[in-house]
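Accompanying notes for the structure given below.
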Amino acid sequence: MIRLLLADDQVIFREGLATLLSVEADLEVVGQAENGDEAIGLAEKLQPNVILMDVRMPGVDGVQATAEIHQRYPWMRILVLTTFDDDEYILQSLQAGALGYLLKRTPAPAIAAAIRSVAQGYSQLSPTVALKAFSYLKPVPQASTAAISELSKREAEVLKLIGQGQNNQEIATTLHLSEGTVKNYVTQVLSKLEMRDRIQAALWAQKHLI
C-alpha cells in the first residue's frame, strides 16, 4: 500500500483528488495539507511514501516545503501536481528534490500511475514539462562578452538572482520592484543574451556569476 499525503490550497480540487485516488486498491490517502507548512508537519507525523505537492500555496509554498521535506526525509517521494508549467517552478522544484512534475489537467488514472512509478524511485514528468527539463542536459549557450556588457546594472542583478533560483516574486521583493517590472527585465535579459528560456539563463548565471 502506498501512503499518500496531498498538499494543495484548493480544497475542492484536493478533496476531489483524494476521492478519485482512494478507489485505487494500492493507494491510501493518509492526510491532506492546505499549505507547505502543514505539509511539512504532516510529513513528519504521518510518514507518507509519496507527497503530491502544489507549488503555489499561501505562506510556505510547495517549493520551500519540498526542499525542507527532502532534506529531512529523503526517502519520501515528492510529486509536484500543479497548474503552473513556468520554467522557474520546474527548475526550483526539481532542484529542491521533487522526483516528478505533473500538471493538474493530467487524467486521474495517469496521476495514479505516476504515483506508483515515483514510489519506486522513477521520475515522472508531463510532456510539456519534460521538454523544458531536458534543456538542463543541453549545452548552455555561451553569451558573448559584448552581449554581457549590454546588460544594464539592474538586468545583471536580475540575472544573478535567477541563477540563485529566485522566482519573479522573490526577485521583486529583493530588488524592491513590481513583479511586472521583473518580468520585463527577464525578457530583456533573455533577448540580449539570445537564450531560449529562464532555465538556460539560470544555468549560465550559476556558472559565470555565482
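Computed from the coordinates by the stated procedures, all read-outs in this text should not be read as laboratory data. The shown structure was predicted, so the numbers you read here are calculated from the model rather than taken from an experiment. Neighbour counts run over all protein chains shown; Cβ positions are idealised from the backbone, glycine included.
For the chain, the longest principal axis of the alpha carbon atoms and the long axis of helix 108-119 meet at an angle near 80°.
Here the gap between Thr181 and Ala156, fully extended at 0.36 nm per residue and compared with their Cα-Cα distance, gives a gain of 7.6 nm. Using the alpha-carbon positions of the chain, Rg (one decimal) and Dmax (whole number) come out as 18.3, 60 Å. Note on segment 169-210 and segment 1-58: Cα centroid distance 33 Å, given to the nearest whole angstrom. Taking the longest Cα principal axis of the chain as reference, the axis of helix 179-193 is set at about 60 degrees. Charged neighbours of Pro58, selected by a Cβ distance under 10 Å, balance to -3 (K, R count +1; D, E count -1). Summarising the amide proton neighbourhood of Gln32: residues at separation of 5 or more, or on other chains, whose placed amide H is nearer than 5 Å comprise Leu6.
Does segment 73-127 come out rounded, prolate or oblate, given a ≥ b ≥ c as the square roots of the eigenvalues of its C-alpha gyration tensor, rounded meaning a/c under 1.5 and, failing that, prolate meaning a/b above b/c?
On the way: a/c = 2.23, a/b = 1.03, b/c = 2.18.
It is oblate, given that a/c is not under 1.5 and a/b is not larger than b/c.
Ordering 116-128, 48-60 by mean Cβ neighbour count within 10 Å, with the highest value first, yields 48-60, 116-128. Enter the angle in degrees (range 0 to 90, nearest 10) between the Cα long axis of helix 87-96 and the first principal axis of the Cα atoms of the chain, meaning the one along which they spread out most. So the inclination is approximately 60 degrees.
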